[in-house]
Amino acid sequence: MPISAASHPELDDTLALRRRTLTLALLTLTYFFSYMDRQILAILLELIKADLKLSDTQLGLLAGFAFALFYAGLGIPVARFADKANRRNIIAVSLALWSLMTALCGLAQNYVQLLLARIGVGVGEAGSSPPSHSIIADLYPVEKRASAMAIYSLGVVLGGGFGTMIGGWLASHYGWRVAIIAVGIPGIILAVVVRLFVVEPKRGLSDAARVADDSAMPSIWSAFADMWRNGAARHLVLAVTLTSLIGYATTSWGPSYLQRSLGFTVGQVALIVAPIAAIIGTISGVGGGRVADWAAKRWGIHAQSWMVGLLKCAALPFTLLFFMTDVPAVAIGAYVFNMLFANSYLGPTFAMLQGLAPLRMRAMWAAITLLVINMIGLGLGPTMIGVLSDLYLPYAGKAESLRWALITAVAATPWAIFHYWRAGVMLKRQQEMVA
C-alpha cells in the first residue's frame with residue numbers, strides 16, 4: 001500500500017522546504033499581479049478623467065479610499081481564517097477573484113460602475129498578503145527572512161513598474177479600457193498554477209526554538225492588544241504606515257504629476273520612467289534585504305530598523321528635488337536616487353514584525369499591519385492628494401496644484417524616520433533583556 005503524505009506530515013514538510021524557492025517565486029508573482037492590477041490606474045488617471053469627466057477628488061477616491069476600505073477591512077477576517085485554514089487555497093481563490101474584477105473595470109461605462117469594480121478588486125486582494133507573509137515566515141528562518149520578504153516585496157516595484165509600462169503602452173495605442181482588461185486576465189491562469197504547485201507548510205516550520213501549539217485561536221482583539229503592548233511592533237507599524245501613506249500618494253499621482261507639471265506624455269512615462277522604477281526598485285529591494293540580514297547578524301535585529309531610517313534620511317532630499325524641479329532631466333536623476341534609497345523598507349519591516357509575532361498570530365499580525373497601512377496609507381494617501389490638489393487649484397493653477405499637494409505629503413517623512421529609530425531602540429532593549 002502506498003504511503004500517503006497525510007499520514008506522514010514530515011513528507012509534506014520536506015516537500016515544502018524543497019519547493020520554498022518556487023513558492024516564494026509564485027507568491028512574489030502573485031504580489032506582482034496584485035500591485036499591477038492595483039496601480040495600473042495611476043498611468044490611466046488622466047485618460048479616465050478626460051473620458052468620464054471626473055474631478056481630482058473623484059480620482060483620488062477611486063485610487064485610494066474606495067479600494068482601501070474593502071481591501072484593508074476584509075484583511076482581518078481573511079487573516080483570521082488563514083491562521084487556521086489552508087493559506088495556499090485562500091491565495092489562489094483571491095487571485096482569481098481580483099483578476100476577474102480588474103478586467104471588469106475596463107467594461108465600466110460611468111464612474112459608479114468603475115467604482116464598484118474597483119471595490120471588487122479590493123475585496124479579492126484582501127486574501128493575498130496576510131497568508132503570503134505567514135507562509136514565507138514558516139519557510140525561511142529568521143536569519144534569511146528579511147531577504148525573503150524583500151524578494152516578495154519586489155512585487156510592489158515590479159508590479160507598479162510593469163503596470164505603468166504595459167498600461168501606458170496599451171493605453172496610448174488602444175485606450176485605457178483595453179489596458180485594464182489585458183492586465184487582469186493573466187492572473188486567473190496564475191491562480192491555477194498557485195493552487196497546483198505551492199505546498200502548504202507546517203506553522204513554525206523554520207522556527208527551531210518556537211513550537212506551534214494546537215490551543216484555541218486567540219481572538220482578534222487579543223492580536224491587536226499584543227501588538228499594541230509590544231513597543232517595537234507599535235513603532236514599526238506607525239513607521240511603515242507613514243511611509244506607505246507617502247508612497248501611495250506619490251506613486252498613485254506621480255504619472256499625473258509628470259504629465260501636468262513636466263510635460264511628459266503617457267508613452268514617455270511608460271517607456272522612460274517606469275523601466276527606471278522597475279530596475280532601481282529591484283536593486284534597492286533585494287540589496288536592502290541582504291544588507292538588513294547582514295546588519296542583523298552583525299549587530300542584532302534592531303540594526304534593520306535603524307538601517308531603514310538612515311536610508312530614508314538619504315532619500316528625502318532627492319524626493320523633494322523630484323517634486324520641486326522644473327527640469328525633466330533633473331527630475332529623472334532625483335527619482336533614481338530616491339528609489340535607490342527609499343525602496344528597501346518593506347522587506348525588513350515585515351520580517352521584523354513576523355519575527356515578533358506569536359506563531360498562531362502571524363497572518364493576523366500581518367493583516368493588522370496591512371489594515372492600518374492600507375486604511376491610512378492607501379486609503380488616505382491618494383484621496384488626500386486629490387482633495388489637496390483641488391483645494392490648491394485656485395491659488396497654484398492646474399499645472400502646479402498637484403505638485404504642491406505631493407510636496408505636502410512628502411513633508412511627513414521625518415515623522416516616519418522617528419518611528420523607525422524608536423523601534424530600533426526598543427528592539428535593542430528586548431535583545432538585551434533576552435541575553
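Would you please state which residues of segment 63-93 a label at residue 222 would reach in this model, taking the label point 7 Å out along Cα→Cβ and a backbone N cut-off of under 14 Å? Once the point is set 7 Å along Cα→Cβ of residue 222, 80, 83-84 turn out to lie under 14 Å by backbone N, inside segment 63-93.
Using a/c under 1.5 as the rounded threshold, could you call segment 80-190 rounded, prolate or oblate? The axes a ≥ b ≥ c are square roots of the C-alpha gyration tensor eigenvalues, and prolate needs a/b larger than b/c, oblate otherwise. Here segment 80-190 falls in the oblate category.
Take the chain, connect every pair of alpha-carbon atoms lying under 10 Å apart with a spring to form a Gaussian network, then pick out the residue of 118, 87, 195 with the largest mean-square fluctuation. Comparing 118, 87, 195 in a Gaussian network model of the chain, the most mobile one is 195. How far is helix 302-324 tilted, in degrees, relative to the longest principal axis of the Cα atoms in the chain, given as a value from 0 to 90 rounded to the nearest 10? Orientation of helix 302-324: about 10 degrees from the principal axis. Would any residue of segment 63-90 have its amide N under 19 Å from a label point 7 Å out along Cα→Cβ of residue 195? List them or say none. Label zone hits: 82, 85-90. Judged by the mean number of other Cβ atoms found within 10 Å, the most tightly packed of the peptides 264-275, 129-140 leads the ranking 129-140, 264-275. Compared with the dominant principal axis of the Cα atoms in the chain, helix 87-105 is inclined by about 10°.
Computed extension gain for residue 400 through residue 418, at 0.36 nm per residue and net of the alpha carbon distance, reaches 3.5 nm.
With a sphere of radius 12 Å drawn around the Cβ of residue 423, what net charge do the other residues whose Cβ falls strictly inside it have (Lys, Arg +1; Asp, Glu -1)? Net charge in that neighbourhood comes out at +4. Given their separation in residues at 0.36 nm each and the Cα-Cα distance between them, residue 229 and residue 111 gain 38.2 nm when the chain is fully extended.
Compared with the dominant principal axis of the Cα atoms in the chain, helix 142-174 is inclined by about 30°.
What number, in percent, do you get for the relative contact order of the chain if the mean sequence gap of Cα pairs under 8 Å and at least 6 apart is divided by its residue count?
Values: 773 pairs, mean separation 118.9, N = 435.
It rounds to 27 percent for the chain.
Quick check on packing: order 156-166, 397-407 by the mean number of other C-beta atoms within 10 Å, highest mean leading. Don't skip to the answer; put the middle values down first.
On the way: 156-166: 24.1, 397-407: 18.5.
Result, highest mean Cβ count within 10 Å first: 156-166, 397-407.
By its C-alpha gyration tensor, with a ≥ b ≥ c as the square roots of the eigenvalues, how is segment 21-85 shaped: rounded for a/c under 1.5, else prolate for a/b larger than b/c, else oblate? Oblate, because a/c is 1.5 or more while a/b does not exceed b/c.
At a 10 angstrom cut-off on C-beta neighbours, averaged per residue, how do the peptides 344-356, 233-245 rank from highest to lowest? Walk me through the intermediate numbers first.
Working: 344-356: 26.5, 233-245: 23.2.
Packing proxy ranking, top to bottom: 344-356, 233-245.
Could you work out which residue, out of 72, 63, 16, moves most in a Gaussian network model of the chain, that is, has the largest mean-square fluctuation with Cα springs under 10 Å? The residue that fluctuates most here is 16. The helix-only estimate of mean residue ellipticity at 222 nm for the chain, built from DSSP H runs of length n ≥ 4 each weighted as -39500 (n - 2.57), is -26500 deg cm²/dmol after division by the residue total.
For each pair in 84/202; 144/297; 84/297; 84/428, compute the distance between the two Cα atoms and list the pairs where it is over 21 Å. Intermediate values should be presented prior to the final figure.
Values: 84/202 11 Å; 144/297 10 Å; 84/297 32 Å; 84/428 32 Å.
From 84/202; 144/297; 84/297; 84/428, over 21 Å: 84/297; 84/428.
The numbers here are math on the coordinates, done by the rules we state, and not lab data. These numbers come from a predicted model, not from an experiment. Virtual Cβ from ideal backbone geometry, glycine too; neighbours counted across all protein chains shown.
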